[in-house]
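The values are calculated or read from the model by the stated rules, or taken from the named source; none is laboratory data. The structure presented is a predicted model; accordingly, all values stated were derived computationally and were not measured. All Cβ positions, glycine included, derive from the backbone under ideal geometry; neighbour counts span all protein chains shown. Surface accessibility is based on the protein's heavy atoms, side chains included, excluding ligands, DNA and RNA. Shrake-Rupley method; radii C 1.70, N 1.55, O 1.52, S 1.80 Å.
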Amino acid sequence: MIAALAGGVGAARFLRGLVEVVDPASVTAVVNTADDDDFFGLRVCPDLDSVTYTLADAHDQDRGWGLAGETFATLGALARYGGPTWFGLGDRDLATHLFRTERLHAGAPLHAVTAEIARAWGLHLHLLPMTDDRVATRITVVDDTGGPPRTLAMQEWFVRERCTPAVTAVAFAGAADAAAAPGVLDALDAADTIVVCPSNPVISIGPILAVPGIRERLVARRDRVVAVSPIVGGAPVKGPADRLMAPLGIEVSSVGIARAYRDICATLVIDAVDAADADRVAAEGVRPVVTDTMMRDIGVAAALARTTIGALA
Ligand code: FO1
């Protein structure tokens, strides 16, 4: 059994490779939901949907989010009423949010709705939100205009403001009172291997670890936990991890990842271009495994998944 902590695109690609090399039914992915937000009354769960669409081979590879061949006619029509249109809700993607919202309003918990959506897309792995409760990443920023600090929702900072304002603090509202979704803690207890996917350590993995019980499970099972560094050559493979790690005092390197994760994982997979960092990773008390982590296609993702799982065999 394998349990994986997962954020968005990087995790989705890794999981797509993983299900090539192990039985998908043996995998439970625990996905960040602190990026979730409501638009036009609809609940949008970006990381759950990135994982779902990628595993279904239905995602837009170039854009990195949403569905391939997507159109945005509804969003264009909403512009007539003044929007807001900064968050790109695609016409077919909207069906997912409509369905999810309807089911939540009918009283179904998020984990049950997530399973229904995963089944509808033909997925065979177990896909779980980290919690059924609302947890929201709050990013405190300062502008270079010298105005007062502002606190933004994740999608406001990431999409509307294009990660531009400098970050001074990150919090996960609701996390301390959240309960892990049914099945999450059992999956972590039962797993032979726990993978921390190559996701943003601050805003993707951070919220999952903030849900009571999850970090504790990983600390207790540290020898069975392997992480994949999302940082290659001193920069994130994708996304704004550097804009969040540096201000929070985390070195933007595989060594920084090792330091941030050393309590929860004994092994860290780093990219071949960072081979020279291996000794510094080891000095953090984390065993480095060096391989190609740039998931250009499913073949590389599958090889990375095999090496990652094999690292604890
Ligand atoms: N990312 C963008 O950069 N711009 C968008 O307009 C956008 C819309 C969007 C709609 C649905 C969805 O599930 C994801 C969407 N994303 C968009 C991606 C999202 O912001 C990120 O995947 C994450 O929250 C970071 O992991």
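Using only the Cα atoms, what convex hull volume per residue in Å³ does segment 93-158 have?
128
Only Lys, Arg, Asp and Glu count, each charged at its Cβ (+1, +1, -1, -1), so figure out the dipole size of segment 136-176 about its Cα centre, rounded to 20 debye.
That gives segment 136-176 a dipole magnitude of about 120 debye.
When the accessible area of segment 136-176 is split by element with a 1.4 Å probe, what percent falls to carbon and sulfur?
After summing per-atom areas, the C and S share lands at 56 percent.
Given Met295, Ala173, Pro84, which one lies farthest toward the positive end of the charge dipole of the chain, if we put +1 on the Cβ of every Lys and Arg and -1 on the Cβ of every Asp and Glu?
With unit charges placed on the Cβ atoms, the residue in question is Ala173.
Wrap a convex hull around the Cα atoms of segment 136-176, take a quarter of its surface area, and give that in square nanometres.
Averaged projected area of segment 136-176's Cα convex hull equals 2.7 nm².
Starting from the alpha-carbon convex hull of segment 5-58, give the projected area averaged over all orientations, in nm².
4.0
Residue by residue, what Karplus-based ³J(HN,Hα) values in Hz, rounded to whole numbers, does segment 10-26 have, using 6.51, -1.76 and 1.60 with θ = phi - 60° and x for Gly and Pro?
3J(HN,Hα) across segment 10-26, in whole Hz: x, 5, 4, 5, 4, 5, 4, x, 4, 6, 7, 10, 9, 5, x, 5, 8.
For segment 42-163, what relative contact order do you get, as a whole percent, if you take Cα pairs closer than 8 Å and at least 6 residues apart?
Taking the mean separation of contacting Cα pairs over the length of segment 42-163, I get 19 percent.
Tell me, what ³J(HN,Hα) does each residue in segment 184-192 have, in order and in whole Hz, if you take phi through Karplus 6.51 cos²θ - 1.76 cosθ + 1.60 with θ = phi - 60° and put x for Gly and Pro?
5, 5, 5, 5, 5, 5, 7, 5, 6
Once neighbouring chains are kept in place and the probe is 1.4 Å, which whole percent of the accessible area of segment 1-111 is contributed by carbon and sulfur?
The nonpolar share, carbon plus sulfur, comes to 53 percent.
If you average the sequence gap of Cα pairs under 8 Å that are 6 or more apart and divide by the length of segment 136-176, what percent do you get for the contact order?
About 52 percent, as a whole number.
Please give the per residue accessible area of the chain, computed with a probe of 1.4 Å over protein heavy atoms only, in Å².
Averaged over the residues of the chain, the accessible area is 41 Å².
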